[in-house]
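Just below is one structure, and these are the notes that go with it.
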C-alpha cells in the first residue's frame, strides 16, 4: 500500500536499534556478531521491490539511476537517450504508461517505509515525452530470420509482442479488427488521459523497426480462418483483448436499449461518434473504466431536444452512427452518478482518480449494489434500483430498508470485460477467454500463444509483460528449442557483466594453462570477484536497508489540470502536466537504489581497518564502485550495517 497523505507530511525518524537493545535475540545473530575472522563483505545484487512489483518487469532502478546521473551512458550517447533505451527494454510505451499506469511499482517502493514513494511514473513520462520530442528510435532490428509470426490484435499486448519479436529478428503481421492500432490505448482511454499524438508516435516507432505488416479492419475467425494462419505463419499470438463489456446481473438489464457497457460507451466516444450523452447517467463500477465513463459523461454533457437517432445509446450500439458536432455545441451539463459495491477505500480505481471525479461533479455512492432496472411503458430504463450493502468474501449482501431508485436516462455497466471469440470457439475456455500455460502457450495447440486481457482482464502493464514472455516462448518454438526455465523473479535484470562489457571493462579470457593454481584469488581479471547476483531469486525488503542514511525529501509532484464541476463541460485538455527536466532529475535522486550500490562512500568512511576503498577511476562502473582488501578485513560487518542499499552482505572468506 502506498504511503497515506498524513504520513507524507511527517519527517522520518528511523533507528536500527532502540534504547536498551543490547542483546542479540537470535542465536544466529549472536554467532554472526561474534565472528571476527571468516565473514568479509561480499557485494550482493538483488531486485528492488519496485521492479518486482512491475508486471512489465522494467529495470526501474536502472533508468532512475541514469536520470539522476549515477549510471553513465556509453561514450557518445546522451543520458536522455540512454534512459529511454533502458526503460523500453521491457516497455515500448514510456510516454503512455507514464501517464496511465496505476503504478503498482510505487506501492512496492521501499521509500514508503521512510516517507513517501518515488514518483516512478512521473519520471517515466518525462523519459517518454523527451524521447518523442528528440525523435529517439529503437536500435535497428537484427538480421531477418525468415520466420513470420501472426499477431491477432493491435493493442498493447500485440504491439509489445511485435516489438519484442522484431528485436529477435522475426517478421510479424498484425491483424486488427478496428480501424486503427492501439487497442485500449486508443478505444478505451480518453484522449485527455492518453494524448493521441503521443500514442501515434510510440506506435510508429515500433512500426519503424520494419517487417511489421498491419492489416486493419480484418477479423480473424470471420475474415481470415485459423487454418489459413497456421498455413501462412510459423506461429500465432492471440492478443485480441476484451472488447465486450459485461452487463449488470439484475432484472431488467437485458435488451433494454439505454443500458450499455462501459467498453461500448468509451469506444463510441473515442471514435469521435458520441458527441453528447444523456441528462442523467448512472454508471455501476468502481474501477478505472468506470472513472473514465463518468469523467467523459461530465465533459460531454447532454442536449435537451433530440431525435431518436441522436439518443446516446443509438450511437453506442451502432458502430456507424455518429452525432452531429453542430448539435453538440448546445450541450448542457449532465447529472452523473457512480456506484460501487465496495467502500471508497477498497475501490480498485486509485484514490486520486475518485477524488478528481468528485471535483468534476460526479456523485460517488460507495457500498451500494444494483438491484433492478426500472423501465417505462416503452421498455426504456428510467432508473436503477439500488440499496446499501456489505461485502463478505467478495460477495455483496443487501442491507434491508435502504432500497431507493436512482433516476437515469442512461445506465452504464463497467463491472468487467470479456472477449469476443466469434469464429474462434475452439479457443474459448468456456468463459469467453483463452487459457495459457506459464510460457503463455495455448494448452494443446502447438504453435499458438496468447497474451493480454484475453487471458484475464487486468492492467495494461500486465499485458505488456505477458507479451515479452510470449515473445521469448515463440522464439524458442520457431527455433525448435526448449523453453528456458523462467526465473523466480521474472523481470529485466541489471547485468553487471553486460555493464562492464559496455564500459570496456569485461574480464579477460581464462586460460587454465597460463593461470596456474588460482584457488582463492581475488586479484585475477578473468572473472567478476566479490560479487553475487541473486536478482533472479530475491527481492530486497526494506529491513535489509540502512534507512537512517536517507533524509526527508518531498516528492516532486506532477501538476494536474482537473476542472471543477462548473468548468468540466467541454474540458478535454490533458490533465497531467509532466515534470520539467530538473524536477525529473530531483525525483530520480529520491530512489534509494535498493539492492545495488549508489556510491555513497559509507563503507569507505566507516571501515575501521581501511580495508574498503574506491575502485580506481579507470576501472569503475555501476556496481563496481568499491573493493575490499581481505588481508585487512577483520569481519566486523560495520560496512554491511551502514550500507544504505543493502548491497553489502557478510560472506565467508579469508
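No value in this document is a laboratory result; all are computed from the given coordinates. Just so you know, these numbers come straight off a predicted model, no measurement behind them. Using ideal geometry, Cβ is built from the backbone for each residue, glycine included, and neighbour counts are taken over all protein chains shown.
Could you grab the relative contact order for segment 251-415? Cα pairs under 8 Å, six or more apart, rounded to a whole percent.
32 percent.
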Peptide ranges 248-259, 387-398, 332-343 listed from the most packed, as the mean C-beta count within 10 angstrom indicates: 332-343, 248-259, 387-398
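Figure the gain on full extension for residue 561 and residue 537 (residue separation times 0.36 nm, minus the Cα-Cα span) and round it to one decimal in nm.
Between residue 561 and residue 537, full extension yields an extra 4.4 nm.
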Distance in nm between pseudo-label sites at residue 480 and residue 223 (7 Å out along the Cβ direction from Cα): 3.5
Structure-based [θ]222 nm, the chain - -39500 (n - 2.57) summed over DSSP H runs of at least 4, per residue, nearest 500: -7500 deg cm²/dmol
Global form of segment 55-113, assessed from the alpha-carbon gyration tensor, a/c cut-off 1.5: oblate
Translational D in µm²/s for segment 498-654 (Stokes-Einstein at 10 °C, 1.306 mPa s, Kirkwood Rh from C-alpha pairs): 82
Distance-filtered residues of segment 108-137 - backbone nitrogen under 17 Å, label point 7 angstrom along residue 552 Cα→Cβ: 111-118
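Could you give the length gained by full extension between residue 325 and residue 580, i.e. 0.36 nm per residue of separation minus their alpha carbon distance, to one decimal place?
Working: separation 255, 0.36 × 255 = 91.80 nm, distance 3.62 nm.
Roughly 88.2 nm would be gained on extension.
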Average Cα contact separation per residue, segment 590-654, under 8 Å, 6 or more apart, as relative contact order %: 41
Label selected from (i) 42, 36, 20; (ii) 73, 29, 23; (iii) 50, 31, 22, the criterion being semi-axes √(5λ) of the Cα gyration tensor in Å as computed here: (iii)
Estimated FRET transfer efficiency when R0 is 60 angstrom, pair residue 348-residue 514 (beta carbons, to 0.05): 0.45
Cα→Cβ-extended label distance, 7 Å offset, between residue 79 and residue 390, nm: 5.6
For segment 191-317: rounded, prolate or oblate by the Cα gyration tensor [a/c cutoff 1.5]: prolate
In degrees, nearest ten, helix 120-134 long axis to first principal axis of the chain (Cα): 80
Cα long-axis angle, helix 196-207 against the chain (0 to 90 degrees, to the nearest 10): 60
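So what is the relative contact order of the chain, in percent, for Cα pairs below 8 Å that sit 6 or more residues apart?
Numbers: 1346 pairs, mean separation 140.7, N = 654.
It rounds to 22 percent for the chain.
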Among 78-86, 345-353, 52-60, 90-98, the order from most to least packed when residues are scored by Cβ within 10 Å on average: 90-98, 52-60, 78-86, 345-353
Rg/Rh (Cα only; Kirkwood hydrodynamic radius) as it applies to segment 437-479: 0.97
Residues residue 363 and residue 271, FRET efficiency given R0 of 22 Å [Cβ-Cβ distance, rounded to 0.05]: 0.20
Nearest-ten-degree value, helix 460-478 long axis tilted from longest Cα axis of the chain: 70
Pairwise FRET efficiency - residue 573 versus residue 609, Cβ, R0 = 51 Å, nearest 0.05: 0.25
